[in-house]
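What follows is calculated from the coordinates using simple rules that are stated; it is not laboratory data. All values derive from a computational prediction rather than experimental measurement. Note that we place each Cβ from the backbone using ideal geometry, even for glycine, and neighbour counts take in every protein chain shown.
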Amino acid sequence: MNFRSDNEAPVNDQIMQALVEANQGFEESYGYDRFSVQFKSQCEALFECWVEALPLTTGTAANSIAMALACPPYGAIYCHEGAHINADECGAPEMFTGGAKLIPIQGDHGKICIHALTEKLAHSGVHGEHEVMPAVISLTQCTEAGTVYSLEELKALKALKEQYGLALHMDGARFANALVSLGCSPAELTWQTGVDMLSFGATKNGAMMAESLLLFNPKYKNQILRQRKRSGHLISKMRYVSSQLCAYLTGGLWLSLAQHANQQAQTFFQACQNQVEFIHPVEANEVFCRLSVDKIAALKQEGFEFHVWPGSQDIIRLVFSHATTADSVKQLIQAIKE
Ligand SMILES: Cc1ncc(COP(=O)(O)O)c(C=O)c1O
């Protein structure tokens, strides 16, 4: 029973079917296919604004192209210390920007501490041209700790963005999980809270290699297509990514898949909260909890798959996905309580 990663979950049947249907005959290449055009208009309807939508195959590409758009080589990108762009992308944002500097900010439960960021920005510029120039705030929604920034927390980041004239990027590898957790609209969670660009993931929530970068701020409109091409991410047979993204958004599929995943995590949390120490609030589909080393070994022995969090021996991460069954959650709860 797999609780290791939503990246290990299978592709949703409706999305797979859409892919099969998209594989009929010839179709224009490089983003001029029906599906890529449709994806852009679906995004515009959903987000209630103009959107430039770039179907991509990895979240790292989406994040890195976003950084390259908004940050000069001598710029600074402020993000949480545990952010994927800082901890898990092998320097891709630095490479794509031609050498920008990531400034990791601490903060509880995977969220940028607003006071720490305020302090950092207040001291920026004291070394003049000797230091990098503040350019981007990048936040992850849901965070790497499975938590969700509230709209109030996002508004505080927006205020800083505006005060310092920065760009605001959201890494939404699990955007759908955050959206259903908050119950707000896609517009409220993005451009209405100052987000200029969103790395909009679908892979973890039911698609196969289907990610995207959504641009809400037309300021970067002229650069984005060339940034994509020169980084090697203009996909010739784009229909195979776009058709998945269209199916993902059609009829609210993306929301029901995320709702299911979040619900499984909540069921687990509700059942175990009195026995187990939870490291972070359970707000979406990832759960971090402390178990004894013996218990961890026993669970593994029983066939439960999950990560022991790097750097610890007794903290595990459980990821609940669109494909996690209620029965497997029940079995996990029983095994933990035994
Ligand atoms: C927060 C976050 N951002 C981005 C990504 C995208 O990663 P990849 O480049 O592997 O698609 C991931 C995947 O694990 C992630 O968890």
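Which entries in the list Lys40/Lys237; Lys204/Lys330; Lys111/Lys229; Lys40/Lys219 go over 27 Å, if you measure between the two C-alpha atoms of each? Pairs exceeding the cut-off: Lys111/Lys229. For region 209-338, what is the Kirkwood hydrodynamic radius in Å, using each pair of distinct C-alpha atoms? By the Kirkwood definition, the hydrodynamic radius is 17.7 Å.
Of the chymotrypsin sites (Phe, Trp or Tyr not before Pro) found in region 1-79, the ones in coil according to DSSP and having at most 11 other Cβ atoms within 10 Å of their Cβ are Phe26, Tyr32.
Summary of the geometry: region 31-94 and region 156-216, compared by the centres of their Cα atoms, lie 10 Å apart. Under the simplified labelling scheme, the Lys295-Asn222 pair shows an inter-label distance of 5.9 nm, with each label point 7 Å from Cα along Cα→Cβ.
Seen through its C-alpha gyration tensor, with square-root eigenvalues sorted a ≥ b ≥ c, region 10-92 comes out prolate because a/c lies at 1.5 or above while a/b is bigger than b/c. Length gained on full extension, Glu81 to Ala335: 88.1 nm, using 0.36 nm per residue less the C-alpha separation.
Straight-line cross-link partners of Lys337 among the aspartates and glutamates, defined as a Cα under 20 Å from its Cα and at least 8 positions apart when in the same chain: Glu277, Glu286, Asp294, Glu302, Glu305, Asp314, Asp327. If you take the square roots of the eigenvalues of the alpha-carbon gyration tensor of the chain and sort them as a ≥ b ≥ c, do you get rounded (a/c under 1.5), prolate (a/b over b/c) or oblate? Oblate.
A simple spin-label model places the labels of Tyr74 and Glu21 5.3 nm from each other, with each point 7 Å out along Cα-to-Cβ. The phi-based Karplus calculation (6.51 cos²θ - 1.76 cosθ + 1.60; θ = phi - 60°) puts the 3J(HN,Hα) values of region 71-82 at 10, x, x, 9, x, 10, 10, 9, 8, 5, 4, x Hz, whole numbers, x for Gly and Pro.
Most simply put, the chain has about 50% antiparallel DSSP beta bridges, counting only bridges with both residues inside it. The simple Förster model, with R0 at 22 Å and r as the Cβ-Cβ distance, assigns His115 and Glu162 a FRET efficiency of 0.80. Looking at region 162-294, the DSSP beta bridges with both ends there are about 65 percent antiparallel. Set against the 2.2 N^0.38 Å expectation for a compact globular protein, region 221-285 has a Cα radius of gyration ratio of 1.79.
Considering only DSSP beta bridges where both residues belong to region 83-215, give the percentage that are antiparallel (nearest 5). Close to 35 percent. Ordering Leu179, Leu151, Leu291, Leu213 by the number of other Cβ atoms within 10 Å of each residue's own Cβ, fewest first, gives Leu151, Leu291, Leu179, Leu213. For region 1-142, what class follows from the C-alpha gyration tensor (a ≥ b ≥ c being the square roots of its eigenvalues): rounded when a/c is under 1.5, otherwise prolate if a/b is larger than b/c, else oblate? In terms of gyration-tensor shape, prolate. Extension gain, Lys237 to Lys155: 0.36 nm times the residue separation minus the Cα-Cα distance gives 25.6 nm.
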